[in-house]
Amino acid sequence: MSYSITWHGHATLSLNVDGTKIVVDPFFSGNPVAVTKAAEVSPEYILLTHGHDDHIGDTLSIAQRCNSLVISNFEICSWIAGQGHEKVHAQHIGGGYQHPFGRVKLTIAFHGSGLPDGSYGGMPAGFLLEAGGKRVYIAGDTALYSDMRLIGQGGLDMAVIPIGDNFTMGPDDALQAVQFLNPAVVVPYHYSTWPPITQDVMAWADRVRAETATQVVVLGVDESYML
Ligand code: NI
Ligand code: MN
């Protein structure tokens, strides 16, 4: 069993679950902090939390080059198919599905989801992944919500949560989210990409360490963590 998570800056993640490559929200081109190029990743699966262009990113070019299966909500999958990439698997909020690498459940997220061309992108989501013997929650862009307690009740090996403020939870609410989720490990993301979401991540990590039992893993760009 092997399970690694790599942060590419902003909200872009690569997971490798027992050799299966998954990219979440592949925003490489135009991402001011990304080092990896879209052409350098080759995922079997692309997971999209919502329709905003800092999350859809390079989905079409990567999916077409790699023949990736795109997993997202129904509206986004329909839009991706309409752009010419028909290898999609549509789910929706609260629904889980057993994919070959593991179970993917779409969780609620309080945010928007308009697509880059103005199309309706449905409701934004997070992901609860049960794969490789681990239970991992990727929050997506969201406000704090109290149902995070319910996600935490099942036990979490890792939670990846936004801390950037302005568009999503900021540091105070993200600290509360850690208390609701009670994961073994928390990874902050969606911060310090642009001035409005610049945060002192080390100060936040210190607060989490002082006030919770959760281990904080602050990843540098393209740095990986093995679960
Ligand atoms: Ni967004
Ligand atoms: Mn975003």
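A few comments on the model shown:
- Those residues of the range 156-190 which are under 17 Å from Tyr225 (Cβ atoms) and among the hydroxyl-bearing types (Ser, Thr, Tyr), in sequence order: Tyr189
- Taken over the range 19-39, residues that are more than 16 Å from ligand 2 (Cβ to nearest atom) and either within 27 Å of Pro100 (Cα to Cα) or free of Cβ contacts under 8 Å to residues at least 60 places away in the same chain (or both) amount to 8.
- Breaking point among (1) out of contact with any Lys or Arg (no Cβ under 7 Å at 6 or more places or on another chain); (2) under 23 Å from Phe74 (Cα atoms), for Met169: (2)
- Of the residues making up the range 111-120, none is surrounded by fewer than 23 Cβ atoms within 10 Å (Cβ to Cβ) and either within 21 Å of Ile5 (Cα to Cα) or away from ligand 1 (no atom under 16 Å from the Cβ) (or both).
- Any chance Thr193 is within 16 Å of ligand 1 (Cβ to nearest atom), within 16 Å of the chain's Cα centre (by Cα) and over 21 Å from Ala34 (Cα atoms): no
- Output for the range 133-164, where each listed residue is over 17 Å from the mean Cα position of the chain (by Cα), of a type outside the set (A, V, I, L, M) and either within 16 Å of ligand 1 (Cβ to nearest atom) or over 23 Å from Gly51 (Cα atoms) (or both): Gly133, Ser146, Arg149, Gln153, Gly154, Gly155
- Members of the range 105-135 that are part of a loop (DSSP other than H, G, I, E, B) and either within 16 Å of ligand 2 (Cβ to nearest atom) or among the basic types (Lys, Arg) (or both): Ala109, Phe110, His111, Gly112, Ser113, Gly114, Leu115, Pro116, Gly121, Gly122, Met123, Pro124
- A search for C-beta distances below 6 Å between a residue of the range 40-51 that is within 12 Å of Phe27 (Cα to Cα) and any residue that is away from ligand 2 (no atom under 16 Å from the Cβ) and among the small types (Gly, Ala, Ser), counting only pairs 6+ apart in sequence or on different chains, returns Ile46/Ala63; Ile46/Ser68.
- Counting the residues of the range 146-176 that are crowded, with 18+ Cβ neighbours inside 10 Å and either free of Cβ contacts under 8 Å to residues at least 24 places away in the same chain or more than 16 Å from ligand 2 (Cβ to nearest atom) (or both) gives 8.
No value in this document is a laboratory result; all are computed from the given coordinates. What you see is a predicted model; the values in this text were computed from it and never measured. Every residue, glycine as well, gets a Cβ built from its backbone with ideal geometry; the counts of neighbours run over all protein chains shown.
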